[in-house]
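What follows is a single structure, written as structure tokens, with notes after it.
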Ligand SMILES: Cc1cc2nc3c(=O)[nH]c(=O)nc-3n(C[C@H](O)[C@H](O)[C@H](O)COP(=O)(O)OP(=O)(O)OC[C@H]3O[C@@H](n4cnc5c(N)ncnc54)[C@H](O)[C@@H]3O)c2cc1C
């Protein structure tokens, strides 16, 4: 049996201090971590329990941004009134993730930091560059259908980033706030997760002596409509084959601003800035949405079993943009 030490942190400083300098892992909701410890994929020598930290609040700022503590549970965030009205794409993404029980435990920080669902990573024996750098990637020539990417892949790793919440945050625009024992820093959400490149074992921009304290969401775009479309093999309790978070703001029938982010197809939450640029100033029609979907999937690399994800993701994009535009139209017609 593998031994580990358990330490309960009472404050942020204590947590980062306990975590630094050894093979440690923060224990938040435990819904990813405990599985991976049981499977012997993660072997922390110390678990630092962060459940008592004062990081479970959702706060509004004067500038219209929203501050979400790292310990805010996924359920709490999804049903927060401001999130439901101003960031409905985030609420929808959260509510389509996992199961009710898991969402009640899972935290914002843990969701950002969740590990890939690649079966070769999780079986503990197959060559996997993420688990054992330099050993190879079994997925490239193996079974690579459900949780394998077509965007942002490398010859060293093709595992999808599995989060739904992160896709919505990538579309909204967000900042990850990190604390170490003696400093704090902020990282743009789009830069926090790393592409696998030739170092797939480095998944994010978090140092050993740092903790995620909170995430701030950019102020919502005035008058925008938004939605999250998740396409999967089964309609609940399933990871995305392809998903799309879309936000659309209109001036009449002209697109003032559009945001698109994808899940289920990228090795990190995948923002589609070129497709967004193509939509700005265009008419909010299916033709424009289809063109944007085409641009978004340019450069996608299909593997043996997941080539279907490219047309599937295009469909998710068109549907999400259409629904978001329709919601923007409806809210423009509503009295303020
Ligand atoms: C059966 C199943 C189905 C699922 N389906 C979905 C799905 O459809 N969509 C989806 O998006 N997700 C899904 N998930 C994943 C789930 O959302 C994550 O397990 C959850 O969000 C992780 O949060 P947690 O608080 O439990 O993290 P933990 O398991 O406690 O931690 C996860 C990782 O984050 C680190 N960590 C935690 N908090 C911090 C912090 N504040 N700072 C730095 N590091 C931290 C931990 O050390 C660990 O490495 C599923 C999970 C399961 C088990």
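Read the figures in this text as sums done on the coordinates, not as results from a lab. Just so we're clear, the structure is a prediction, and the values are computed from it rather than from any experiment. Cβ: placed from backbone, ideal geometry, glycine included. Neighbour counts: every protein chain shown.
If I stretch the segment between residue 20 and residue 195 completely, what's the gain in nm (0.36 nm per residue apart, minus their alpha carbon distance), one decimal?
Taking residue 20 through residue 195 to full extension adds about 60.5 nm, to one decimal.
Classify segment 164-270: rounded, prolate or oblate, from the alpha-carbon gyration tensor (a ≥ b ≥ c, eigenvalue square roots; a/c under 1.5 rounded; otherwise prolate if a/b is larger than b/c)?
Oblate, because a/c is 1.5 or more while a/b does not exceed b/c.
Kindly provide the pair-distance distribution of segment 5-49 built from C-alpha pairs, with 5 Å bins from 0 and whole-percent values in order of increasing distance.
Final binned percentages: 6, 25, 32, 24, 11, 3, 0.
Each label point is 7 Å from the Cα along the Cα-to-Cβ direction; what then is the distance between the points at residue 123 and residue 209, in nm?
Label-label distance for residue 123 and residue 209, simple model: 4.0 nm.
Sort 114-126, 277-289 for me by packing, meaning the mean count of neighbouring Cβ atoms within 10 Å per residue, highest on top.
Ranking, from highest mean packing down: 114-126, 277-289.
Relative contact order (percent) for the chain, with alpha-carbon contacts under 8 angstrom and 6 or more residues of separation?
Reported as a whole number, the value is 17 percent.
Express in % the proportion of alpha carbon pairs of the chain at distances exceeding 39 Å.
Tail fraction, whole percent: 12.
Based on DSSP H runs of at least 4 residues, each adding -39500 (n - 2.57), what is the mean residue ellipticity at 222 nm of the chain after dividing by all its residues, to the nearest 500 deg cm²/dmol?
-8500 deg cm²/dmol
Could you compute the FRET efficiency for residue 38 and residue 234, with r as their C-beta to C-beta distance and R0 at 30 Å, rounded to 0.05?
Once rounded, the FRET efficiency stands at 0.80.
Output needed for segment 225-333: three equivalent-ellipsoid semi-axes, defined as square roots of 5 times the C-alpha gyration tensor eigenvalues, in descending order, whole Å.
24, 15, 10
Once fully extended, how much extra length lies between residue 331 and residue 145, figured as 0.36 nm per residue of separation less the alpha-carbon to alpha-carbon distance?
Answer, rounded to one decimal: 63.1 nm.
Determine the distance separating the Cα centre of segment 61-137 from the Cα centre of segment 1-16; give it in Å without decimals.
Cα centres, segment 61-137 to segment 1-16: 22 Å.
Enter the Cα centre distance for the pair segment 160-227 and segment 302-336, rounded to the nearest angstrom.
23 Å
If I fit a long axis through the Cα atoms of helix 309-333 and take the longest principal axis of the Cα atoms of the chain, what angle between them do I get, 0 to 90°, rounded to 10?
60 degrees
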